[in-house]
1. ASP214 fails exactly one of the following numbered conditions: (1) in a helix (DSSP H, G or I); (2) free of Cβ contacts under 8 Å to residues at least 60 places away in the same chain; (3) open to solvent by 60 Å² or more (accessible area, probe 1.4 Å). What is the number of that condition?
2. Conditions: (1) assigned to a helix (DSSP H, G or I); (2) in contact with an Asp or Glu (Cβ under 8 Å, 6 or more places away or on another chain); (3) in contact (Cβ under 8 Å) with a residue 40 or more places away in the chain; (4) open to solvent by less than 50 Å² (accessible area, probe 1.4 Å). PHE241 meets all but one. Number of the miss?
3. What single numbered condition from (1) in contact with a Cys (Cβ under 7 Å, 6 or more places away or on another chain); (2) closer than 26 Å to ILE17 by Cβ; (3) surrounded by fewer than 21 Cβ atoms within 10 Å (Cβ to Cβ) fails to hold for MET225?
4. Filtering the range 59-107 down to residues that are open to solvent by less than 50 Å² (accessible area, probe 1.4 Å) and β-branched (Val, Ile, Thr), which residue is farthest from the chain's Cα centre (by Cα)?
5. Quick one: how many residues across the range 73-120 are modelled with pLDDT of 95 or more and either part of a loop (DSSP other than H, G, I, E, B) or small (Gly, Ala, Ser) (or both)?
6. With respect to the numbered conditions (1) crowded, with 18+ Cβ neighbours inside 10 Å; (2) in a helix (DSSP H, G or I), which one is the sole condition not fulfilled by GLY185?
7. Applying the selection to the range 244-262, what residues are in a helix (DSSP H, G or I) and more than 23 Å from ASN142 (Cβ to Cβ)?
8. Please go through the range 21-38 and pick out each residue that is touching a residue at least 40 places away in the same chain (Cβ under 8 Å) and either away from the ligand (no atom under 13 Å from the Cβ) or of a type in the set (Asp, Glu) (or both).
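The values are calculated or read from the model by the stated rules, or taken from the named source; none is laboratory data. If you're wondering where the values come from, they're calculated on a predicted model, not measured in any experiment. Glycine gets a Cβ as well: all are built from the backbone with ideal geometry, and neighbour counts include every protein chain shown. Ligands, DNA and RNA are stripped out before the accessible areas are found, and what is left, the full protein with its side chains, is counted by its heavy atoms. Shrake-Rupley method; radii C 1.70, N 1.55, O 1.52, S 1.80 Å.
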Amino acid sequence: MIQNIGVIGAGQMGSGIAHVCMLAGYKVILNDLSEKILKKSFSGIDRSMEKQVARNKLSAQEKEEALSRLQTSVDFGEFKKCDLIIEAVTEDETIKKDTFKKLTPHLTSQCLLASNTSSIPITALACVTDRPDKFIGMHFMNPVPVMQLVEIIKGIATSNTTFHSIQDIVKRLGKQSVLSEDFPGFIVNRILMPMINEAVYALFEGVGTIEAIDKGMRMGANHPMGPLELADLIGLDTCAFIMEVLYKSRGESKYKPCPLLMKYVEAGWLGRKTNRGFYDYKGEQPIPTR
Ligand code: NAD
């Protein structure tokens, strides 16, 4: 029975994952590299729950009870009481592997491990741990409290018992799941990222302005957000990384990350998280940067 969940990485995804787990009644230990990051994450979760209270999606008491289930820590030692750890650190294979290697000695032998990776093979991450049968991909969508889907990815060694436990947790979080096999980009990003990359190519080649491309896809394809605003929400570094994984693993030119996307990443214009990407978010209204 899963009761205590550890979340590693308190960025936009880890904070969102902690948020929904607390609301579903799980005790959560949230970990990151510094107390400063954890403090920022806590105030973000608090603000986000406050919005839910304002919209009558949550009572003030439910919010307080949920927040009382949260513990933050920079120390993996705290994870010994966890039944499941969900990793949501930076999308970088070396960082993720190092994290799992350092983490496993602190866990009980029953503890399940999940990665929220967007594109790194689950089997490759599972192999650096002592429990590939208890390792699985749990790919939440951004923003986690709002989006309905969690993509579940089985690695080559993931057991059916692990899969069923994770399926049950997704249900308890009030979300839907789809099962994807462990191939680059899984289902959602395999289809979504080439579309975002193509939108950046359209901008690069001058087919349309940022606003025209986004409006075109919002109104012409009925997408709730344009591809460039969505890229800013996801993080341009994450988008570039996923395209690189698709390109390297499949070797087809259609997956080549657009040079303009790489230019934005080089500039540190990573989207909403740095206040500037395809749009500048410093003022009241987002302003296109080209
Ligand atoms: P982010 O940059 O907002 O957060 C990453 C966090 O990881 C940072 O707070 C960083 O300090 C922390 N971190 C880095 N190394 C660490 C370590 N060794 N130990 C503990 N913490 C560490 O990134 P994000 O957007 O939250 O993405 C996190 C993961 O979620 C990535 O794997 C990404 O691919 C995946 N993901 C992202 C999205 C999205 O839309 N952004 C959607 C689904 C999945």
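1. It is condition (3) that ASP214 fails.
2. (4)
3. Checking MET225 against (1) in contact with a Cys (Cβ under 7 Å, 6 or more places away or on another chain); (2) closer than 26 Å to ILE17 by Cβ; (3) surrounded by fewer than 21 Cβ atoms within 10 Å (Cβ to Cβ), the one that fails is (1).
4. Looking at the filtered set, the residue picked out is THR104.
5. Residues in the range 73-120 being modelled with pLDDT of 95 or more and either part of a loop (DSSP other than H, G, I, E, B) or small (Gly, Ala, Ser) (or both): 17 in total.
6. (2)
7. Once the filter is applied, which keeps residues that are in a helix (DSSP H, G or I) and more than 23 Å from ASN142 (Cβ to Cβ), the range 244-262 yields LYS248, ARG250, SER253, LYS254, PRO259.
8. CYS21, MET22, LEU23, ALA24, GLY25, TYR26, LYS27, VAL28, ASP32 - these are the residues of the range 21-38 that are touching a residue at least 40 places away in the same chain (Cβ under 8 Å) and either away from the ligand (no atom under 13 Å from the Cβ) or of a type in the set (Asp, Glu) (or both).
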